[in-house]
1. Out of all DSSP beta bridges with both ends in the stretch 254-368, state the antiparallel percent to the nearest 5.
2. Residue 136's amide H: which non-local residues (gap 5+, or another chain) put their own amide H closer than 5 Å, with H modeled 1.01 Å from N in plane and none for Pro or chain starts?
3. Compute the longest continuous run of the chain that contains no exposed trypsin sites (Lys or Arg not before Pro); treat a site as exposed when its DSSP state is not H, G, I, E or B and it has at most 13 other Cβ atoms within 10 Å.
4. Report, in debye and to the nearest 20, how large the dipole of the chain comes out about its Cα centre when Lys and Arg carry +1 and Asp and Glu carry -1 on their Cβ.
5. For the stretch 93-251, what does the alpha-carbon gyration tensor say about shape, rounded, prolate or oblate, given a ≥ b ≥ c as the root eigenvalues, a/c under 1.5 as rounded, and a/b over b/c as prolate?
6. Count charges around residue 54 for me, please; just the other residues with Cβ under 13 Å from its Cβ, Lys/Arg as +1, Asp/Glu as -1.
7. Which is farthest toward the positive dipole end of the chain among 266, 136, 86, measuring Cα position about the Cα centre, with Cβ charges +1 (Lys, Arg) and -1 (Asp, Glu)?
8. Can you give the net charge of the other residues whose Cβ lies under 12 Å from the Cβ of residue 155, counting K and R as +1 and D and E as -1?
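The values are calculated or read from the model by the stated rules, or taken from the named source; none is laboratory data. Everything numeric in this text was worked out from a predicted model, so none of it was measured. Backbone-built Cβ (ideal geometry, glycine too); neighbour counts: all protein chains shown. To get the accessible areas, we keep the full protein, side chains included, count just its heavy atoms, and leave off ligands, DNA and RNA. Shrake-Rupley method; radii C 1.70, N 1.55, O 1.52, S 1.80 Å.
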Amino acid sequence: MDIQFLGGAREIGRSAVLVNDSLLLDFGMLTDNPPQFPIETPSPDAVVVSHGHLDHVGAVPALLSGDSRPPIHWTPPTYELTLTLARDTLKLHGGSYNCPFTETDLRRVTQVSKTHGYREPFDAAGHEVTFYNAGHIPGSAHVLVDDGDTRLLYTGDFHTDDQRLVSGSTARPAADVVVCESTYSDVEHEDRSAVEERFVESVETTLWEGGTVVVPAFAIGRTQEMLLICDAHDVPCYVDGMGKRVTEMLQQYPEFLRDADAFRRAKSHARFVTGRNGQRKRITDQRAAIVTTSGMLSGGPAMTYIPEIRRHPTNKIAMTGYQVDGTPGRDLLETGTAEIDGRVMPVSAQVEQYDFSAHADRTGLLSLLESYRDSEVLVDHGDRCEAFAAELRADEFDASAPELGATVSIGVD
């Protein structure tokens, strides 16, 4: 089996792995300025997508811009999320370098889509492929690929602990080689229940004091997790931005949720913002949590809420995810100021950060890899892939971190 890394090697973003020159696993983008895409746009016989985040699906429609029409295999939520993200990319960047596909390409995606559930083997480019729950977001999958000689487990992004939204990854199918993400290979997450308790206590204190809490959250996964937490603790909340559409869509796929009844209650508990008639400015005085995009304050309705609440120390901004260097969210955490609509604004409201990551930490990564001590491990999707591979070798794993563009051959003497 030949495994070529067209993206995601020794980096986070633009994941793309080509198997045997015929089966493509993921085709994402790296959100930078300008964005970066995989180093090559191949013409595979089939495409398999692990989950619906931009760094794994952001460039998928571009695969259909020529004469090629490969079938695209994914779970139903991943298919829906890809369409949502692609439409948003077209809306924001259509016709520019920042968007590598057109409306026509996106329509073609619907024509070639093939959806599958977990543990339902299917054929793709002459390979037997099976999805297993990866515990990252709804529909996220470990991808097992069998070419008849070699079995490859592509972990995609995964989490081994339960979240309120999805159950943690537990499947460990036999494999000869594992391509493993390593996002948090040097981090130990704080216990999720403790993080949740601190978050709720902080929000409730702010609301009791008469303040408002803006909760910037990624639209896919994080927004829904925060709505579930707010409902479980009876915290009044609004939801705004793309997270509204994603929440509506996910309710159609209860089998991909940890607790569909809890999700339905959380959706009913939250008040959906329409944005009409100055609603956003009015609700900043409502003593509620406002869960809104964007998660790093780089756009979206958060750009309306932050200026409204920033002057009052009673108010709070609760960041719920990692803030990439150079984003307004990172600047706010480090300097107490944020660039909003081209203006650098000082923020007197309290700013806090909480680790609600949907990725496995070091312990989680090692717990999965423990089942693959006799397999070859190829480390990708991380800022320290080489270091983590070296740590695995020191622990007697057969591990390496391929370079971008490298091809690794498995099962060849």
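1. Restricted to the stretch 254-368, the bridges split so that about 50 percent are antiparallel.
2. It is 159, by chain and number.
3. Longest site-free region, per DSSP loop and neighbour criteria: 120-310.
4. The calculated dipole for the chain is roughly 2420 debye.
5. oblate
6. -3
7. Of the listed residues, the answer is 266.
8. Neighbour charge sum, excluding residue 155 itself: -3.
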